[in-house]
Amino acid sequence: MLDTVRSVLPASAVAAAPEAPGEGNVGMYRERIVHATLRPTEVSQVQELVKVFGGPGTPCGLHAISTGRNWGLGSREPATDNAVTLDLSGLSRIRTLDLDRGFAVVEPGVTQGALAKQLSGTGRILNVTASSAHTSVVGNGLDRGVGLRRQRVDDLAGLEVVLPDGDLAHVGWWPEEHRSTAVYSHGLGPELTPLFSQSNLGVVTAAVVRLLPRPEAQRTIRLSFTRNSLAGATDAMRRWVSQGLVGGVLKVYDVVSAELYGGRVGEFLAHISVDGTDASARAVARVIVEEAHGTGLFTEVHDSAVGTGSDDVVVRMVESAYAGDPDNNDALLEATLGQTAEHIDAEGTGWLFFLPMVPFSGQRIAEAHELLGRVFEETGVRAGCTVNALSSDIIDFVVSIKFQRNDLAAGQAHSALERCYELFAERGFIPYRLDIDHAEWVDRLSTDSRALQLTRDLKTFLDPNGAIAPGRYA
Ligand SMILES: Cc1cc2nc3c(=O)[nH]c(=O)nc-3n(C[C@H](O)[C@H](O)[C@H](O)COP(=O)(O)OP(=O)(O)OC[C@H]3O[C@@H](n4cnc5c(N)ncnc54)[C@H](O)[C@@H]3O)c2cc1C
């Protein structure tokens, strides 16, 4: 089979095992059996490769990655053994940038740093995540990652997909050459774009990414509070989100997570972005500051536009990322993991993520924190938590587990991760992204067997020979 592959790609773009040993992964998940890594640079090569692997009797399937920096969930590893990695980082063109209509067409290798740089000084921003500037816009969006402005999948207006038979389809909205249409992603009839996120139904070779209007004014309100005020402070913040005072994703670092990320330790730390015109942002910030004081729940209330800045690494990252600038993200990453993006998987501190959705209420958030206390009692591992408010009803409750890279500490960290899955799921706090060791939780968490079967029927129909390998969600 590799001989056929070599007729599609130059020799330098094919690394066959054992010449391509794993580089390790920051989560210390078991390294899967991966037979080769293929690095196409053209869409036509991807189509040819998918055709090769989609032939009858092919012994293994392709595991597509964009930049492979899915740290904490498995990095570049597939969920199952016996795969060939299709590394798309060499497809790295920004094909189109339309500031007027607010979209970019980007390939999987385009990083958030590269796209944000193109937008610097323009009237548009990219919804950036808190991860490295060297992570992929497309890869993160396809895994339903979370940016500082909203969940990344909401940025994907359309996708260019290589289907398992090698054909190329453009689903959702796609720019036309000879007329200018509005960026409306729903089209007519059943929508196809969602079929390709957290999916092994196709390989995505480009995406239409929505660009947000740059706020004329943006300020960040920082609030601190103690553990005793957790439920009350959460309800107060929910009110501001539900009444439309908050721009972007409200974030709360607990004491442990602020420490894990290398920030200043002490109390819970909330960040609230307020934006609009200069006058409206000033007025809304004043309302939040006054109301925050009025609750008596917050120990510190700080408006970034008033008074001095902060040298805290977490604060600096969050404040610039709200404005669409990921340039401080890598400093946070290094403070967190002691390595640059290039070396995180090979050496440095270990890191795991557990990502459940929790209803936005003081009581439920306090309950989720109590579960982390139970995990600590049972395993000795103290996990940190960052709350991302995706709406006034939903919290992305990011649980992070940091550990020394040795077998003993890794074993304890993975036991803690296992307990998180069990305890949180029991309470109805269901993960929205899975790591490579918990792929089978798709079955465990499914609430309707017919719906699950429908997904599998689609896979069998579209990809009868398994050109695209089973992944985290299959
Ligand atoms: C300190 C720190 C902070 C972080 N902060 C955040 C954060 O704020 N938000 C967040 O979401 N994550 C965060 N992460 C996690 C992670 O680093 C990001 O989610 C990162 O963007 C994922 O890596 P990637 O972009 O290289 O995607 P990849 O690893 O390339 O892709 C992710 C998965 O999507 C699928 N996929 C990728 N490309 C394709 C394709 N072209 N076709 C089909 N399927 C594909 C594959 O299943 C792949 O495994 C953080 C991690 C750390 C360590």
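The values are calculated or read from the model by the stated rules, or taken from the named source; none is laboratory data. Nothing here was measured: the structure is a model prediction, and the numbers come from that model. Neighbour counts are summed over all protein chains in view; Cβ atoms, including those assigned to glycine, are modelled from backbone coordinates with ideal geometry. Accessible surface is based on the protein model in full, side chains and every heavy atom, while ligands, DNA and RNA are left aside. Shrake-Rupley method; radii C 1.70, N 1.55, O 1.52, S 1.80 Å.
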**Request:** Could you please give the count of residues in the range 324-342 that are over 18 Å from Ser136 (Cβ atoms) and either open to solvent by 20 Å² or more (accessible area, probe 1.4 Å) or more than 11 Å from the ligand (Cβ to nearest atom) (or both)?
**Result:** 6
**Residues that are open to solvent by 20 Å² or more (accessible area, probe 1.4 Å) and either touching a Phe, Trp or Tyr at 6+ places or on another chain (Cβ under 8 Å) or under 14 Å from Ala389 (Cβ atoms) (or both), drawn from the range 354-365** = Met357, Pro359, Ser361, Arg364
**Request:** Just need a number here: residues in the range 76-114 that are of a type outside the set (Val, Ile, Thr) and farther than 21 Å from Ile344 by Cβ.
**Result:** 16
**Message:** Of the residues Ala270, Ala236, only one is surrounded by 19 or more Cβ atoms within 10 Å (Cβ to Cβ) and under 27 Å from Gly324 (Cβ atoms); which?
**Reply:** Ala270
**Message:** For the range 139-176, give me the residue count where each residue is part of a loop (DSSP other than H, G, I, E, B) and within 10 Å of the ligand (Cβ to nearest atom).
**Reply:** 5
**Message:** I'm checking my understanding of the structure. Among residues of the range 281-315 that are hydroxyl-bearing (Ser, Thr, Tyr) and touching a residue at least 12 places away in the same chain (Cβ under 8 Å), which one is surrounded by the most Cβ atoms within 10 Å (Cβ to Cβ)?
**Reply:** Ser304
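For (1) more than 23 Å from Gln339 (Cα to Cα); (2) in contact (Cβ under 8 Å) with a residue 24 or more places away in the chain; (3) open to solvent by less than 10 Å² (accessible area, probe 1.4 Å); (4) in contact with a strand residue (DSSP E or B) (Cβ under 7 Å, 6 or more places away or on another chain), each residue gets a yes or a no:
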position	(1), (2), (3), (4)
Gly102	yes, yes, yes, yes
Val110	no, yes, yes, yes
Val137	no, yes, yes, yes
Asn140	no, yes, no, no
Arg150	yes, yes, no, yes
**Request:** Among residues belonging to the range 431-474 that are within 16 Å of the ligand (Cβ to nearest atom) and basic (Lys, Arg), point out the one that is surrounded by the fewest Cβ atoms within 10 Å (Cβ to Cβ).
**Result:** Lys459
**Prompt:** Got at least one residue in the range 69-82 being basic (Lys, Arg), closer than 17 Å to His35 by Cα and buried (at least 20 other Cβ atoms within 10 Å of the Cβ)?
**Reply:** yes
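One line per residue, one yes/no per condition, for (1) assigned to a loop (DSSP other than H, G, I, E, B); (2) not assigned by TED's automatic domain parsing to the domain that holds Leu148:
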position	(1), (2)
Leu195	no, no
Asn200	yes, no
Leu230	no, yes
Val265	yes, yes
**Item:** Residue in the range 24-44 that is nearest to Ala13 (Cα to Cα), counting only those that are aliphatic (A, V, I, L, M) and in contact with a strand residue (DSSP E or B) (Cβ under 6 Å, 6 or more places away or on another chain)
**Value:** Leu38
**Prompt:** Does any residue of the range 44-57 turn out to be open to solvent by less than 40 Å² (accessible area, probe 1.4 Å), free of Cβ contacts under 8 Å to residues at least 40 places away in the same chain and not charged (D, E, K, R)?
**Reply:** yes
